[in-house]
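Each reported figure results from applying straightforward, stated rules to the coordinates on display, with no laboratory input. As the structure is a prediction and not an experimental result, all values here were calculated from the model. Virtual Cβ from ideal backbone geometry, glycine too; neighbours counted across all protein chains shown.
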Amino acid sequence: MECRVCQTDVPAGEFCGLCGDFLTERRGNGPSWLRLRAYGAAPNEHLLVPALASSLFPHLPHRSRTSFRVVLILVLLALAIFATLRMPAALITVSALGLPLLFLLYMRETDAQRDLPARTLLFTGGLGIALGVTFVLLTGAMVARSYGVPLGTGIAAGRILREGLGVPVAGMLIMLLPAIVVRFTSPSTTRESLDGFTIGALGALTFTAAATITRLAPQFATGMIARSRPVPSLIVEAGIRGIAVPLTAAAVGGLIGAALWFTRPPSKAHQHPGYVRAALAGFAAAVVGVYALLGIIDVTHIPQWLQLIIHLTVAMVALLLLRLGLHLALLHEEHDEIQSEEPLLCTHCNHVVPDMAFCPACGVATRAASRSSRRQRREARPAARTPGEPTTDETHPGYSTTPGTYDAQPVRRTSLARLLRTWGAGIVVVAVALVALSVYIHKPPARYVCPPDCGHPPTGEPVAVNPRFTAPDGSFSVSYPAEGSAYKITTSPTGVRADFLGGDGGTMQLMSRPANGRSPEEIAKSLVTETFPDTKTAYEIPNAMVGYMPGYGLVADCWPQGANSNYMRMRVMVLVAVKNDLALIAAAVGPFRQFGPDFGLGKPSGANLQLALDMGKYVNSFSWRGDPPR
């Protein structure tokens, strides 16, 4: 019959074997060039349903995808279990390697090492790993310094441009380098879009795996169990690092790879020239743009659960764009030479159909199967079955070809047991090694024995030698570190901000706020919650005083989250006292450092913040208007 789209005589069936569209117009199918109702690699799925297995593993035969779906569910369960058990080393292993290792197994199951040069695959993975580690080492310190956000202040424009836009966009572009390098250095041979998808996704996944391990490596020092860290924080980390980041990376890398490897057939050169490749590149550019917005989300002060939801939403959008891109490529790229008079077993619907660009029965693209799969099925083509003749092959019905049943060699299916065994063994081996490393390098909290671990008294210079800040309205004054010291000083009408340039870094604030009838405790907690909405209170400071006025003190911890953030435990310290309805506040934010007998003054302390060693001499230098000189 004649196809209503390509006006070519094709075998009667559900789909056109040449262009892949429905032979009978279907309601809701959209334009003929899109075929909404049947995804090119899994025609039983709607194009706009972001199914993970068929999107990430398009070369798999239909029946093999169930095994990969089970392992994907196992990845989610492992992330949830290790986060709940507070086992950082095991959680990092599954987050960084869960999906990349499964993708490598997908490549093995589809014989990627036979279809593509082994040196190309090794080069792509090796370059992705090297770039991932290098990128984190170059940007990690810059990102870490940005965590010390002063309490009660907005986000600086420079930080938004640098950490919010510059770092994530640069990382995304560097992540695409392996696919670009391979495309323009590999020999000019027959290219297929799904080959490009494989190379692009491989480079992106190895990049993110290496970057994730490098960024989270400091967690190994926390021991096998991270008892101090809240479970919700670990769940958010698992969702972002183990689900959203690798999915987004695979989508962008796969889209760019498919666009670079896409080849339009000469017969369609006059139909929308270049539109498919432009669409593929446009989809990838859209994901990069949205990923840049994620960077801004990561540096804003929003609850971590909302941050996780946004990351997962972007990952689903990226997955949907990947499906659209691969579908368009499969529909419109150059196809194998058609031999419609020869039978071929379809790996999706298991019918014996004419050897054409698309299966007339289910509409799956022939190139949705790997080269080796197509080659094996063509070398041992199905034969019409003779009744009563014994055979070791499978029996399949014919469709759009000579009526009857056919004997065909069975299509290799992925064994769930073998897949679970291989994936699980890889994860367990790495997890056990990292857990052992974590136990080995973890240092237990220091135990003070006095004597001899009694420390020594402070030996700093008296506060009187330091400059003094007085508010423009004369409402309060406070001493602050002198210029030329280890601080960068910034003054404002409400107080002094001192950025610590040495040691661990951090920010100290000596400032005022209108009390408006609030208690010191309410002011302290609102300041912390406003800037760090997901902190965990470590303890309340007993007998806290500011300017020799009884008040309230709070010490809390937070763990910044984000696709490009390094692991770091931040400590927040706030002391507040109120007089004349004016709150005077001393605050410090910096990296957590476990105090011990060999650190600082050597005195027992739960401060665990290097800035606290210096902040103490400024807390009681505050004075309100009318206070007597001291």
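Over the chain, what is the relative contact order in whole percent, taking alpha-carbon pairs under 8 Å and six or more residues apart?
Reported as a whole number, the value is 17 percent.
In the range 463-624, what is the volume of the convex hull around the alpha carbon atoms, normalised per residue and reported in Å³? Let's see the in-between values first.
Working: hull volume 20.4 nm³, N = 162.
For the range 463-624, the hull spanned by Cα atoms encloses 126 Å³ per residue.
For the chain, give the magnitude of the charge dipole about the Cα centre (Cβ charges: +1 Lys/Arg, -1 Asp/Glu; no others), in debye to the nearest 20. List each step's numbers first, then the result.
Values: 54 positive and 42 negative charges, 164 e Å.
Result for the chain is approximately 780 debye, rounded to the nearest 20.
If you put +1 on each Lys and Arg Cβ and -1 on each Asp and Glu Cβ, how big is the dipole of the range 463-624 around its Cα centre, in Debye rounded to 20?
Charge dipole of the range 463-624: 120 debye, to the nearest 20.
Under the definition of Cα pairs under 8 Å and six or more residues apart, what whole-number percent is the relative contact order of the range 463-624?
Reported as a whole number, the value is 22 percent.
Where nothing but the Cβ of Lys and Arg (+1) and of Asp and Glu (-1) is charged, how large is the charge dipole of the range 223-344 around its Cα centre, in debye to the nearest 20? Could the numbers behind the result be given before it?
Details: 7 positive and 8 negative charges, 144 e Å.
Using only the charged Cβ atoms, the result is roughly 680 debye.
Under a 5 Å amide H to amide H cut-off, with H placed in plane at 1.01 Å, what residues pair with Leu582 once short-range neighbours are removed?
Ala515
Could you work out the relative contact order of the range 262-382? I mean the mean sequence separation of Cα pairs under 8 Å and 6+ apart, divided by the number of residues, in percent.
Relative contact order, the range 262-382: 22 percent.
Taking the 0 to 90 degree range and rounding to the nearest ten, how far is the long axis of helix 118-145 tilted relative to the main principal axis of the chain, both from C-alpha atoms?
20
Take the residue pairs Lys579/Lys603; Lys579/Lys617; Lys443/Lys488 and return only those whose Cα atoms are more than 30 Å apart. Walk me through the intermediate numbers first.
Working: Lys579/Lys603 32 Å; Lys579/Lys617 20 Å; Lys443/Lys488 33 Å.
Too far apart for the 30 Å limit: Lys579/Lys603; Lys443/Lys488.
Along its three principal axes, how long is the range 26-155 when you only count alpha carbons? Whole Å, largest extent first please.
Projected onto its principal axes, the Cα set of the range 26-155 covers 59, 42, 33 Å.
With Cβ to Cβ distances under 12 Å as the rule, what net charge do the other residues near Val10 carry (K, R +1; D, E -1)? Present the calculation step by step, with values, prior to reporting the outcome.
Details: positive: Arg4; negative: Glu2, Asp9, Glu14, Asp21.
So the surrounding residues net to -3.
Could you tell me which label, among [x] 29.3; [y] 26.7; [z] 27.9, carries the value of Kirkwood radius over Cα pairs in Å calculated for this structure?
From the options [x] 29.3; [y] 26.7; [z] 27.9, the structure gives [z].
How much net charge surrounds Thr66 when only the other residues with a Cβ under 15 Å from the Cβ of Thr66 are counted, with Lys and Arg +1 and Asp and Glu -1? Provide the component values of the computation, followed by the final result.
Working: positive: Arg63, Arg65, Arg69, Arg412, Arg413, Arg418; negative: Glu45, Glu109.
Local charge sum for Thr66: +4.
Hey, if you put +1 on the Cβ of every Lys and Arg and -1 on every Asp and Glu Cβ in the chain, which of Leu99, Ala286, Tyr618 ends up farthest toward the positive end of that dipole?
My answer, from the dipole projection, is Tyr618.
Where in the chain is the longest stretch that carries no GluC sites (Glu not before Pro) classed as loop by DSSP and with at most 11 other Cβ atoms within 10 Å? Kindly include the intermediate steps, with their values, before the conclusion.
Details: sites that count: Glu25, Glu337, Glu483.
Here the longest run is 26-336.
Would you mind classifying the range 462-541 by shape? Square roots of the alpha carbon gyration tensor eigenvalues, ordered a ≥ b ≥ c; an a/c under 1.5 is rounded, otherwise it is prolate if a/b is larger than b/c and oblate if not.
Since a/c reaches 1.5 but b/c is at least a/b, the shape of the range 462-541 is classed as oblate.
With 10 angstrom as the radius, rank Asp111, Asp355, Asp9 by how many other C-beta atoms surround their C-beta, starting from the fewest.
Details: Asp111 17, Asp355 22, Asp9 10.
In increasing order of surrounding Cβ atoms, one gets Asp9, Asp111, Asp355.
Please name which of Gly606, Gly474, Val576 has its Cα lying farthest along the dipole of the range 463-624 towards the positive end, using unit charges on Cβ (Lys, Arg +1; Asp, Glu -1) and the Cα centre as origin.
Gly606
In which sequence would Val317, Val49, Val299 go, from the one with the fewest C-beta neighbours within 10 Å to the one with the most?
Ascending number of Cβ neighbours within 10 Å: Val49, Val317, Val299.
Going by how many other beta carbons lie within 10 Å of each one, how would you line up Phe599, Phe135, Phe207, Phe68, fewest first?
Numbers: Phe599 16, Phe135 21, Phe207 29, Phe68 24.
Ordered from fewest to most neighbouring Cβ atoms within 10 Å, Phe599, Phe135, Phe207, Phe68 come out as Phe599, Phe135, Phe68, Phe207.
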